[in-house]
Every structure is written in C-alpha cells, then in structure tokens.
1. Simple spin-label model, 7 Å along Cα-to-Cβ: ALA196 to VAL282 in nm?
2. Within the set of other residues whose C-beta is less than 12 Å from the C-beta of ILE14, count the net charge using Lys and Arg as +1 and Asp and Glu as -1.
3. Projected area of the range 160-240, taken from the Cα convex hull and averaged over every viewing direction, in nm²?
4. Divide by every residue of the chain the summed helix terms, -39500 (n - 2.57) for each DSSP H run of at least 4, and state the resulting mean residue ellipticity at 222 nm, rounded to the nearest 500 deg cm²/dmol.
5. Take the alpha-carbon positions of the range 1-159, form their convex hull, and give its projected area averaged over all directions (one quarter of the hull surface) in nm².
6. Counting pairwise Cα distances across the chain, what percent come out greater than 30 angstrom?
7. To the nearest 0.05, how large is the calculated FRET efficiency for ILE59 and ASP212 if R₀ is 22 Å and r is the Cβ-Cβ distance?
8. Top mean-square fluctuation among ALA250, ALA168, ALA81, Gaussian network model of the chain, C-alpha springs under 10 Å?
Amino acid sequence: MSHRDQVRDRLRGITFMAAAVFVFAIMDSLMKRVSAHYGTFQISSLRCMASLLFLMLPIVWRRSWNTLRPHAPLLHLFRAALGIGMLTLFIFAVHRLSMAETYAISLCAPLLMTALSGPFLGERVPLRRWCAIVIGLCGVLVMLKPGQSGFASKIAVLAAAGSAVCYALSALSVRFLGRSNSNTSMVFWWLVLVGAGSLTLAVPGWRPIESDDWVWLAGIGVSGALGQVWITEAFRRAPPSVVGPFEYTALLWGFAIDWIFWSASPSRLLLIGASIIIASGVFIIWDEKRLADLAYSPASPLP
C-alpha cells in the first residue's frame with residue numbers, strides 16, 4: 001500500500017470513528033429516555049435484539065453465513081457476561097446521571113485497558129503510563145466532588161465505573177477472539193448472547209412495550225447496529241493510536257445532548273475532571289504511537 005493510500009485509509013478510519021461515537025451517543029440518549037419505563041435488563045435485551053435485526057440484513061442479502069462461525073465459544077460467553085454487566089450498569093447510571101457525567105466516568109475505560117493489559121495479556125506497562133493512569137483516575141475523584149454533595153446518586157457513579165471496568169475487560173478479550181473470529185462473528189455472537197442473557201434476566205419484571213416507544217426502540221436498533229459496524233471499520237482501517245483519541249468526542253456529544261434535551265450544563269469540576277482523564281488517555285495513546293514508530297525506524301533504537 002502506498003503512502004497516499006495509507007493516509008486515505010487513516011482519514012476514513014477517523015471518519016468512521018467520529019461517526020460511530022455520534023450514533024452511539026444517539027443510542028445512549030434514546031436508552032436514557034426509555035429507561036424511565038422499563039427495567040435495565042429489558043432495555044439491554046431490546047437493544048441487542050433490535051441491533052441484531054439490522055445487522056442480519058446485509059448478511060442475509062449477501063448470504064455470507066460462513067462469516068458467523070464462532071471459535072473459542074467459552075471466551076464468547078465470557079465476553080457476553082461482561083457485555084450484560086456493561087450494558088445494565090450503564091443504563092442504570094445514565095438513567096440517574098446526566099449524559100455528560102456518565103460519559104466522563106466511562107472515559108476512564110481506556111486507562112483501565114492499559115492497566116489490565118499487564119496482568120491479563122502479559123504486556124509490560126512502563127512507569128510513565130502507570131503515572132498517567134493514576135493521574136487519570138484522580139480526574140474521576142475530582143468529578144466525584146469529595147466532601148461535597150456529589151452526583152445525584154453515588155450508587156449510579158459506582159455503576160458507571162463498573163460499566164467502564166466491564167468495557168475494558170471486554171475490549172481485552174477481543175484481542176484473543178480476533179485471532180480466530182471475523183469481525184462480523186464477534187459482533188453477531190455478542191448481540192445474540194448478551195440479548196439472550198438479558199432477556200432471561202428481564203422476564204420476571206418484563207413490562208409490555210407501549211406503542212409510542214416502538215419508534216425509540218427502532219432508533220436504538222439502527223444506531224446501535226451502525227455504531228458497531230462503523231467502529232469495527234474504524235479499527236480495521238487505522239491503528240488505535242490514530243482513531244482512539246476521537247472516542248473522547250463522546251463527551252462533547254454528551255454535553256450537547258444534555259443541554260438541548262434536558263437543559264443541563266456541565267459543572268466546573270466535571271469539566272476539570274474530564275479534561276484530566278482525556279489528557280491522560282491521549283498521553284498513553286501518544287506514547288504507544290511513539291514506541292511503534294521507533295520500533296519500525298531502523299535509525300532509532302527502541303528505549
């Protein structure tokens with residue numbers, strides 16, 4: 001691939017990532033809206049089933065059933081369990097917090113991925129990255145406003161943090177699944193298993209779906225399917241060090257949605273804490289890119 005083609009692919013990857021973050025923000029705002037009427041497990045199952053419907057359309061059209069073949073089924077089950085925890089905790093949190101507050105706490109997930117890559121993947125985490133992780137987590141403490149009347153619900157804050165942990169562990173499991181599974185297979189089985197598991201847990205408290213909510217559920221399905229496909233395409237076209245920083249644009253969409261639909265503006269401490277987390281995450285991504293460039297540069301020894 002020529003340098004021009006590589007640059008073009010990276011620009012497309014950035015475009016796909018920005019678009020994926022945008023539609024995921026739409027999906028999350030719709031889930032926040034319907035969370036007032038239904039339980040978290042029911043919303044989680046409906047989100048997966050709606051997205052699965054739209055994901056299946058191109059597969060049926062192309063008859064590409066062979067791309068769905070799963071490998072390492074136990075790891076698929078483990079990732080699905082993490083997915084159920086991630087979705088239900090996130091829905092619980094976003095129902096009680098603002099979009100910006102929930103997103104700000106969730107932004108610590110990339111920091112957790114770096115911290116957990118050592119014990120789970122055997123990767124060496126340099127001291128400078130541990131410092132960035134600690135500083136980023138301090139940003140979370142700033143947003144928690146210690147000693148003051150913090151967020152609307154401390155339990156919701158813990159739920160958002162738990163969702164970030166599940167997301168980080170799930171992302172690490174993709175490193176193993178990606179060696180033997182196609183992207184379509186990973187998305188398909190994640191939706192099937194998480195949807196089935198959430199549905200089983202939702203049955204005891206299932207509520208009939210109101211006629212006015214079908215349009216919102218359809219929106220959740222479309223945005224969820226598009227976001228899943230586009231974020232996969234982003235990482236296929238460009239390395240994480242290139243597209244990763246654009247994941248932080250979710251906070252901007254969170255601010256905008258809060259202001260437009262709920263007339264809520266971010267507090268000063270929320271902005272400060274979010275800035276600390278973003279700066280820490282961007283530093284880790286920059287450091288990873290720097291080491292990768294050194295590794296492929298014959299004139300520069302790797303430190």
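No value in this document is a laboratory result; all are computed from the given coordinates. All values derive from a computational prediction rather than experimental measurement. Using ideal geometry, Cβ is built from the backbone for each residue, glycine included, and neighbour counts are taken over all protein chains shown.
1. 4.4 nm
2. Working: positive: ARG8, ARG10, ARG12, ARG237; negative: ASP9, GLU233, GLU247.
Once positives and negatives cancel, what remains is +1.
3. Values: hull surface 28.0 nm².
Answer in nm², one decimal: 7.0.
4. Details: 12 runs with 230 residues, N = 303.
Theoretical 222 nm ellipticity from helices: -26000 deg cm²/dmol.
5. Numbers: hull surface 54.6 nm².
Result: 13.7 nm².
6. On the way: 15179 of 45753 pairs.
Tail fraction, whole percent: 33.
7. With a Förster radius of 22 Å, E is 0.10.
8. Fluctuation is largest for ALA81.
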